[in-house]
Amino acid sequence: MSSLYLDHNIRPASVELRNVSWGQGILQSVSLTLEPGKTLAVLGANGAGKSSLLRLIYGYYTPERGQILIDDQSLQVYSKTELSRRLAVVLQEQAGDFALTVKDMISLGRMPYLGRFSGLREQDHAMIDHALQLFDLVSFAKRSFTSLSGGEKQRVMFARAFCQAPSLIILDEPTNHLDIRHQLELISLIKQLGITVIASLHDLNQVADFADDILLLSRGKMIAQGKVETVLNPAHIQQAFDVLAIPRGISRFDFALPSF
Ligand SMILES: Nc1ncnc2c1ncn2[C@@H]1O[C@H](COP(=O)(O)OP(=O)(O)OP(=O)(O)O)[C@@H](O)[C@H]1O
């Protein structure tokens with residue numbers, strides 16, 4: 001059980017991809033195994049296929065070939081409600097046309113747990129209030145979502161995903177809009193959730209702090225997958241990004257990258 005989820009008992013999901021291909025070569029035969037509760041960073045240069053891979057895992061795209069399994073069950077087998085209880089997604093660009101307050105927006109995270117005509121219950125309100133505090137949003141609760149900055153919107157979408165109480169969270173460049181304090185706070189919160197996390201990231205040093213495992217993509221193909229200490233080395237970085245990375249030795253994974 002995760003402490004951030006108070007008395008809610010959430011079991012992290014396992015994820016498996018078996019030779020998944022999509023988009024006529026955009027992704028080619030990608031396989032991975034992620035154990036429950038682990039954090040996977042998907043890395044690669046612009047256009048490598050990171051967002052496409054995430055879209056396949058959250059069911060927005062269907063593989064042309066191969067299989068995606070969550071908790072050993074094919075993604076196709078889950079109903080929409082089952083999937084929204086199990087899987088939450090936070091994207092880098094948030095749609096801005098919601099005429100909702102911040103609190104309303106976060107409340108949507110509880111929808112998968114409510115009957116068709118039933119309102120929020122006491123435990124739902126408790127979780128929403130907890131999310132407002134965790135994501136530093138208490139003073140924004142009554143503000144209109146559209147009036148927020150990019151970073152504030154991103155924190156609201158995290159709070160909404162938190163309220164979904166998922167077993168798996170998928171994050172597309174999660175720290176993109178956040179200032180340094182909120183980046184650090186978010187990474188710390190995500191680590192404390194106790195659920196399985198798959199995130200696309202660009203900052204190699206952040207990856208080393210954040211992830212257990214890495215999936216490295218180049219032009220839709222998997223170059224390497226495994227523990228951070230195995231995958232994050234100068235040879236792989238050169239192959240994926242075409243830059244020479246020099247370990248600085250300040251920490252186990254601290255790379256100086258060339259300036260141009
Ligand atoms: N629906 C689509 N139709 C055609 N091409 C697509 C589609 N979606 C993605 N692509 C192409 O597939 C490639 C991979 O795109 P994707 O967005 O997955 O890359 P990425 O690794 O997330 O890149 P970035 O770091 O720039 O966000 C790109 O060349 C992109 O133009």
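The values are calculated or read from the model by the stated rules, or taken from the named source; none is laboratory data. Keep in mind it's a predicted model, so treat the numbers as computed, not measured. FYI the Cβ positions are ideal-geometry reconstructions off the backbone, even for glycines, and counts take in every protein chain you see. SASA here: full protein model, heavy atoms, side chains in, ligands and nucleic acids out. Shrake-Rupley method; radii C 1.70, N 1.55, O 1.52, S 1.80 Å.
Looking only at GLU152, GLU16, GLU122, which one moves most when the chain is put into a Gaussian network model with springs between Cα atoms under 10 Å?
GLU122
Could you tell me whether the stretch 47-192 comes out rounded, prolate or oblate from its Cα gyration tensor? Rule is a ≥ b ≥ c as square roots of the eigenvalues, rounded for a/c under 1.5, then prolate if a/b exceeds b/c, otherwise oblate.
oblate
Provide the per-residue ³J(HN,Hα) series for the stretch 174-179, in order, calculated from phi with Karplus coefficients 6.51, -1.76, 1.60 and θ = phi - 60°, each as a whole number of Hz, with x at glycine and proline positions.
Here the 3J(HN,Hα) series is x, 9, 3, 9, 9, 6 Hz.
Please report the antiparallel percentage of DSSP beta bridges with both residues in the chain, rounded to the nearest 5.
About 55 percent, rounded to the nearest 5.
Please list 164-176, 195-207 highest first by mean number of surrounding beta-carbon atoms within 10 Å per residue.
164-176, 195-207
At 0.36 nm per residue, minus the direct Cα-Cα distance, what do ASP179 and VAL77 gain on full extension? Give it in nm, one decimal, please.
Additional length available on full extension: 32.8 nm.
Within 10 Å, count the other beta carbons around each residue, average over each peptide in 128-136, 23-31, and list them highest first.
Those peptides, ordered most packed to least, come out 128-136, 23-31.
Taking the Cα centre of the stretch 1-141 as origin and charging only Cβ (+1 Lys, Arg; -1 Asp, Glu), how large is the dipole, in debye to the nearest 20?
Result for the stretch 1-141 is approximately 320 debye, rounded to the nearest 20.
About the Cα centre of the stretch 42-97, what is the dipole size in debye to 20, counting +1 per Lys and Arg Cβ and -1 per Asp and Glu Cβ, all else neutral?
I would put it at about 60 debye.
Got a sec to turn the phi values of the stretch 195-210 into Karplus ³J(HN,Hα) couplings, 6.51 cos²θ - 1.76 cosθ + 1.60 with θ = phi - 60°, whole Hz, x for Gly and Pro?
Those phi angles translate into 10, 7, 10, 10, 9, 8, 9, 10, 7, 4, 5, 5, 4, 4, 6, 9 Hz.
Tell me the angle of helix 180-193 to the major Cα principal axis of the chain, expressed in degrees between 0 and 90 and rounded to the nearest ten.
Result, in degrees: 80.
Can you run phi through the Karplus equation (6.51, -1.76, 1.60; θ = phi - 60°) for the stretch 55-71 and list ³J(HN,Hα) in whole Hz, with x for Gly and Pro?
4, 5, 5, 9, x, 6, 10, 10, x, 6, 9, x, 9, 10, 10, 10, 6
Only helical DSSP H runs with n ≥ 4 go in: add -39500 (n - 2.57) per run for the chain, normalise by residue count and round the 222 nm mean residue ellipticity to 500 deg cm²/dmol.
-9000 deg cm²/dmol
Going toward the positive end of the dipole of the stretch 140-244, with +1 on Lys and Arg Cβ and -1 on Asp and Glu Cβ, which of PHE210, ASN233, LEU148 do you reach last?
Checking the options against the dipole of the stretch 140-244, the answer is LEU148.
What accessible area per residue comes out for the stretch 100-187, rounded to a whole number of Å², with a 1.4 Å probe?
45 Å²
Amide H to amide H, which residues 5 or more places from LEU215 or on other chains are under 5 Å from it, using H placed in the peptide plane?
Counting only residues 5 or more places away or on other chains, the set is ALA41, VAL42, LEU43.
Beyond 16 Å, how much of the Cα-Cα pair distribution for the stretch 150-241 remains, as a whole percent?
57 percent
Quick check: at a probe of 1.4 Å, how many percent of the accessible area of the stretch 48-112 sits on carbon and sulfur atoms?
49 percent
Go ahead and set up a Gaussian network model of the chain, Cα springs under 10 Å, then flag whichever of LEU34, LEU17, LEU120 fluctuates most.
Greatest mean-square fluctuation among the candidates belongs to LEU120.
Starting from the Cα of LYS50, draw a straight line to each of the lysines and keep only those under 30 Å, dropping any in the same chain fewer than 8 residues away.
Reachable lysines: LYS38, LYS80, LYS153, LYS191, LYS221, LYS227.
So how strong a dipole does the chain carry about its Cα centre when Lys and Arg Cβ are +1 and Asp and Glu Cβ are -1, to the nearest 20 debye?
So the magnitude is around 380 debye.
Using per-residue counts of other Cβ atoms within 10 Å, averaged over each peptide, order 80-88, 215-223 from highest down.
The most tightly packed comes first, giving 215-223, 80-88.
Per residue and in cubic angstrom, what volume does the convex hull of the Cα atoms of the chain have?
Taking only Cα atoms, the chain has a hull volume of 140 Å³ per residue.
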